[in-house]
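Colleague: Sharing a structure here in structure tokens format.
The values are calculated or read from the model by the stated rules, or taken from the named source; none is laboratory data. The shown structure was predicted, so the numbers you read here are calculated from the model rather than taken from an experiment. Reconstructed Cβ throughout: ideal geometry from the backbone, glycine too, with neighbour counts over all protein chains shown. The protein model used for the area step is the full one, side chains on, heavy atoms only, and it has no ligands, DNA or RNA in it. Shrake-Rupley method; radii C 1.70, N 1.55, O 1.52, S 1.80 Å.
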Amino acid sequence: MRRKRRFLIAIGLAVAGVLLFLGGSASPAFAKPLRVAVSLDIKPALIRLADTQGFFKNQGVDVVIKEYDSGALAVNDLIADRADIATAADFVFVLQSSIRTDLRMPATVCMTSDNDLVVRKDRNITKPQDLKGKRVAITRGTSAEFFFYNYLIFNRIPAGSVHLVNLTPSEMVTAMADGTIDAALCWPPYTLQMEKQLGTNGARWPAQSGQDYYFALFAKGGFLKKESKTMERFLAALADAEKFVARNPERARAILSKKLKIPMDLLSLQWSHFRFQLQLTQDLLVLMEREAKWAIRNKLVEKKEMPNYLDFYYFDALEKVKPEGVSIVH
């Protein structure tokens, strides 16, 4: 009788262990919804697709997406503890990491050349040099600021000869329509909206001089240390979204067109400017070092020396989920 009781107890413990294992593997990695701050544009496409296609749920991650006019504003909420993960351009990371040494970059989700300069032709702007004396809008602290100054240098336009106006992207659309600015450097969908409003009175010029930039994930080091498995599952869902885009580009465009309210024909025209891939590349490191030197030289950051960005990358999750995406020598 005693042996039978022991046997039943052993069986019960074994069954409980199996149920616990199965339940644990299917349970969410994070006890509360993961707050993900994204800009209201095309670049965080992998996050939107992972959400709409159920890839986050498949990986056991409950996500709440918060939308912002720019990546810089999304990162501000991450810093204020109103988000757990944020997305923004690598240049935003360069600026913010000079102040917040606890910031980390687990991966980039897009490489793009989407910054364009929209101009009003009725202000006699037909070539870059015509920007002298004009009111040009940019969003401070974003990649647009870096590329605008490089655009001026490339076209031999003195920075002091242009009147800069700091506006959010949605403010630019209004200001361009009512004529309070003469030009604006921004990204879609805002550049497309401005161009559409102006009609034949507007023009849109490429503004990155052939240099792509990266759109990255931001998180705090403390969060990553505590929730390393959550980040792995989050990236695994994005990896599924990356495969979805590669296999179903038309369907991906249709989903994003509806979510972002961008006409399908305009989105299709812009699509070639974006490469949606999870990665941490050597080119990213080189670009960030170049941006840091420029920021230091122009006193956008207080630090006098460029940091070692290898200390700011978080390789662990991407190396487990998509090891071939890591090409930075470290």
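Colleague: When the accessible area of segment 98-154 is split by element with a 1.4 Å probe, what percent falls to carbon and sulfur?
Modeller: 50
Colleague: How much length is gained on full extension from THR52 to ASP122, taking 0.36 nm per residue of separation minus their Cα-Cα distance?
Modeller: 21.0 nm
Colleague: In nm, to one decimal, how far is the modelled label at ILE99 from the one at ARG204, with both set 7 Å along Cα→Cβ?
Modeller: 3.1
Colleague: Also, quick follow-up: Calculate for the chain the 222 nm mean residue ellipticity that helices alone would give, adding -39,500 (n - 2.57) per DSSP H run of length 4 or more and normalising by residue count, nearest 500 deg cm²/dmol.
Modeller: It comes out at -14000 deg cm²/dmol, rounded to the nearest 500.
Colleague: Once you charge only the Cβ atoms, +1 for Lys and Arg and -1 for Asp and Glu, what is the size of the charge dipole of segment 90-180 about its Cα centre, to the nearest 20 debye?
Modeller: 360
Colleague: Could you derive backbone 3J(HN,Hα) for segment 128-135 from the dihedral phi with the Karplus parameters 6.51, -1.76 and 1.60 (θ = phi - 60°), listing whole Hz in sequence and x where the residue is Gly or Pro?
Modeller: x, 5, 6, 6, 4, x, 9, 8
Colleague: Under unit Cβ charges (Lys, Arg +1; Asp, Glu -1), what dipole magnitude, rounded to 20 debye, does segment 191-330 have relative to its Cα centre?
Modeller: 440
Colleague: Sticking with the crude label model, points 7 Å out along Cα→Cβ, report the distance from LYS320 to ILE79 in nm, one decimal please.
Modeller: Label at LYS320, label at ILE79, 2.9 nm between them.
Colleague: About its Cα centre, how strong a charge dipole does segment 169-222 have in debye, to the nearest 20, once Lys and Arg get +1 and Asp and Glu get -1 at the Cβ?
Modeller: 180
Colleague: Hey, another quick one. For the chain, with the dipole built from +1 on Lys and Arg beta-carbon atoms and -1 on Asp and Glu ones, taken about the Cα centre, which of TYR309, ASN115, GLN193 lies farthest toward the positive end?
Modeller: The residue sitting most towards the positive pole is TYR309.
Colleague: Also: Need one number: % antiparallel among DSSP beta bridges in the chain, to the nearest 5.
Modeller: Restricted to the chain, the bridges split so that about 60 percent are antiparallel.
Colleague: Under a crude label model (7 Å from the Cα following the beta-carbon direction), how far is GLN211 from LYS225 in nanometres?
Modeller: 3.4
Colleague: So if each residue of separation counts as 0.36 nm, and I subtract the Cα-Cα distance between ASP265 and ASP130, what length gain in nm does that give?
Modeller: 45.5 nm
Colleague: Just subtract the alpha-carbon distance of GLU289 and GLU302 from 0.36 nm times their residue separation and send over the number in nm, one decimal.
Modeller: That pair, GLU289 and GLU302, stretches by 3.1 nm at full extension.
Colleague: Cross-link candidates for LYS196: which lysines have Cα within less than 17 Å, leaving aside residues fewer than 8 places away along the same chain?
Modeller: The reachable lysines, counting only those whose Cα sits under 17 Å from LYS196, are LYS121, LYS261.
Colleague: Can you classify the chain as rounded, prolate or oblate using the Cα gyration tensor, where a ≥ b ≥ c are the square roots of its eigenvalues, rounded means a/c under 1.5, and otherwise it's prolate if a/b beats b/c and oblate if not?
Modeller: In terms of gyration-tensor shape, prolate.
Colleague: If you don't mind, another one. May I ask you to evaluate 6.51 cos²θ - 1.76 cosθ + 1.60, the Karplus curve with θ = phi - 60°, for each residue of segment 44-59 and list the ³J(HN,Hα) values in order in whole Hz, giving x for glycine and proline?
Modeller: Computed from phi, the couplings for segment 44-59 are x, 4, 4, 5, 5, 6, 4, 6, 5, 8, x, 5, 5, 4, 4, 8 Hz.
Colleague: Would you work out which of GLY133, GLY160, PRO249 lies farthest towards the positive end of the dipole of the chain? Charges go on Cβ: Lys and Arg +1, Asp and Glu -1.
Modeller: My answer, from the dipole projection, is PRO249.
Colleague: For the chain, what is the accessible area per residue in Å² when the probe is 1.4 Å?
Modeller: Result: 47 Å² of accessible area for each residue.
Colleague: Less than 29 Å apart at the alpha-carbon level, and either on another chain or at least 8 residues along: which lysines does that give for LYS299?
Modeller: Counting by Cα, and skipping residues close in sequence, LYS299 has these lysines nearby: LYS43, LYS132, LYS134, LYS220.
Colleague: Would you please give the residues with an amide H less than 5 Å from that of LYS66, counting only those at least 5 places away or on a separate chain, with H modeled from the backbone geometry?
Modeller: The answer is VAL36, ALA37, VAL38.
Colleague: I would also like to ask the following. What list of ³J(HN,Hα) values in whole Hz, one per residue of segment 243-251 in order, does the Karplus curve 6.51 cos²θ - 1.76 cosθ + 1.60 (θ = phi - 60°) give from phi, with Gly and Pro shown as x?
Modeller: Taking θ as phi minus 60°, the curve returns 5, 4, 4, 5, 8, 9, x, 5, 5 Hz for segment 243-251.
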